[in-house]
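Heads up: the structure comes next, in structure tokens.
The values are calculated or read from the model by the stated rules, or taken from the named source; none is laboratory data. Nothing here was measured: the structure is a model prediction, and the numbers come from that model. Methodologically, a virtual Cβ is constructed for each residue, glycine included, from the backbone with ideal geometry; neighbour enumeration extends over all protein chains shown. Note: accessible area is taken over every heavy atom of the protein model, side chains too, but ligands, DNA and RNA are not part of it. Shrake-Rupley method; radii C 1.70, N 1.55, O 1.52, S 1.80 Å.
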Amino acid sequence: MSTVEIDVSTGGCEHCQRALYAELSAVPGVWRVRLDAPSGRVTFCAIAPVDRVQVAEAVADAGYELRAWH
């Protein structure tokens, strides 16, 4: 298990933030999603190898833009 950090576009209403949490939580291998909305920093635990394309699609489906992986 490892911790993954990504940066997404900031802001969004509470509904959008919940959508981001739900979309990322649905990606296989992603667990314990945390979003710091003001900074746009998202952290999650990868309990299995995570497909970066699926993560990027989940972020886009929630209405955000994936800006960076850390």
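Things worth noting here:
- Taking the range 11-70 as the range and being surrounded by 13 or more Cβ atoms within 10 Å (Cβ to Cβ), of a type in the set (A, V, I, L, M, F, W, C), at pLDDT 95 or above and in a strand (DSSP E or B) as the test, the residues that pass are Val30, Trp31, Val33, Val42, Phe44, Cys45, Ala46, Leu66.
- Residues of the range 40-52 that turn out to be closer than 18 Å to Ala68 by Cα and in contact (Cβ under 8 Å) with a residue 40 or more places away in the chain, as a count: 5
- In the range 19-39, the residues that are at positive phi reach residues that are open to solvent by less than 70 Å² (accessible area, probe 1.4 Å) and not in a strand (DSSP E or B) with C-beta atoms within less than 6 angstrom, at least six apart or across chains, in these pairs: Gly29/Ala48; Gly29/Val50.
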